[in-house]
Each structure stands twice: as structure tokens, then as C-alpha cells.
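Derivation of every value follows stated rules applied to the coordinates shown; laboratory data play no part. Since the structure is predicted, the reported quantities are computational estimates derived from the model, not experimental observations. Note that each Cβ is placed from the backbone with ideal geometry, even for glycine, and that neighbours are counted across all protein chains shown.
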């Protein structure tokens, strides 16, 4: 079975631009979460969506937004990019939103803001 | 608030040595879940284990074993007879159990494990 897929793999943007990252969950998984991992740190939670509804939001500015589609895939949007947004963006999927269900991660999108 | 602390920033061992990665957590919940993930140089986080707060039995899977001690809020991970392929960053993480809050993971800062041949 295919795992979590993310696109693009790498991305270079300029300050002030906008970026859209995409994620397809494991088949049958209804929940998608987004994490930001800055170099040398652990991943930080950004959003979780379940059945197209936002179920959680981390401590990130309103420049960050996301949505989930009827097929459970998801997009993460970041507006007005800052240098500090440079990071590995990880998408994770799980069957349900209870902590009893492990999250499986995709390979990530490495975003560089210059 | 939830917090996970991995005090060991980096560990270097020689192949075949045993190594233990420490994890200490903080939570006010009585029901919670603990996880370990491996992040090889490729970057993808690989799920290793989930443990719920009601199950304090130690678990062994091949060369991997986990020691969960609620009394000390610790969930340590031991690799026996380490191999070069074990070189990676290892993350400990914590999740609440309540469905209405989702299952966001709170990660520690990670421990870099280097296994030399």
C-alpha cells in the first residue's frame, strides 16, 4: 500500500511570496496533520484536519492556513513568506483523531525562503 | 501543558554496543500516549512504537526495547547490539487521548545517534 505522499519535494521561494504544499494520506485514513520541522529541532504541530474539519491548530500565525478535501487529501498554504519559514514541512495521516492511533509521516517538503 | 524532554543531544557508540535513549515527559492528563519515531538522513519520520499510559509493561521488538515508568514519567528506548543502520535522529513524542482535541503530537528535541563501525 502507498504511504503518505507529499509534493513538491523541494521548493525555493522569495520573501513575501505565497506557497502551497500538498499531501495525500494513506488510503482509508481520515485525518491529516501538518508539522513544521526547523533544522536541529523536533517537529512542531501546525494543523490537524479530520473529515474536512479543523480539529486542532498549533501556535502559528494566521499566514498559515490549511484545508482538507473530500478525498481526505490536504493543502497547507503559507502567505507572506518569511526567512524563518524555511523548514521541512511534514504531513502525517492517521485513521482517527484519538491519541490511540499512530500517525504515519510522509517524506516532507523542504521549503527554502531566500 | 505537555512537554517532552530528550536531554541527550547526541550519542556516539561503536557498533555492537548497547545504547539507551532517554525521554522524560510532562502532562496533566491521566490518559495519554507515548511514541518513538526514527528519522534517518532521508528525513521521513518512521513510527517505532506507541504505548498508552495504562500499560507499563516493557516491550521488546528484536533489538529494540522500551522501558515505560509512570512513576518517573520516563519512556526510555534501548537498542541492543547497535548497527550502523541505526544511525538516525530519534524522537520521543506525547499525545493526548481525548478525541475532541485531536491527536497532535508533542515532540522532544530529538537525540542524534551515531553508530560507528
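Just need the relative contact order of chain A here, percent rounded to a whole number, with Cα pairs under 8 Å and 6+ apart. Result for chain A is 37 percent. Taking 18 Å as the cut-off, the amide N atoms of the stretch A:60-86 that come nearer than this to a point 7 Å along the Cα-to-beta-carbon line of residue A:53 belong to A:66-73.
Residue by residue along B:103-113, Cβ atoms of other protein chains within 10 Å of the local Cβ number 6 on average. Ordering A:12, B:11 from the fewest to the most neighbouring beta carbons within 10 Å gives A:12, B:11. Between residue A:100 and residue A:2, the modelled labels are 3.0 nm apart [label points 7 Å from Cα along Cα→Cβ]. With Cα atoms as the point set, the radius of gyration and Dmax of the protein assembly as shown evaluate to 17.6, 51 Å. Ranked by the mean number of other Cβ atoms within 10 Å per residue, highest first, peptides A:30-41, A:91-102, A:74-85 order as A:91-102, A:30-41, A:74-85. Taking every DSSP bridge with both residues inside chain A, close to 90 percent are antiparallel.
Taking 0.36 nm per residue of sequence separation and removing the Cα-Cα distance, the residue B:18/residue B:63 pair yields an extension gain of 15.3 nm. At 10 °C and 1.306 mPa s, grab the translational diffusion coefficient of chain B from Stokes-Einstein with a Kirkwood Rh over Cα pairs, rounded to a whole number in µm² per second. It diffuses with D of about 110 µm²/s by this estimate.
Averaging the Cα positions of each part gives two centres, and for the stretch B:55-117 and the stretch A:71-112 these lie 21 Å apart.
Relative contact order for the stretch A:18-59: 28 percent, from Cα pairs under 8 Å spaced at least 6 residues apart, divided by residue count. Placing a label point 7 Å from the Cα of residue A:77 along the Cα-to-Cβ direction, the residues of the stretch A:1-33 with a backbone N closer than 19 Å are A:7-8, A:13-24, A:32-33.
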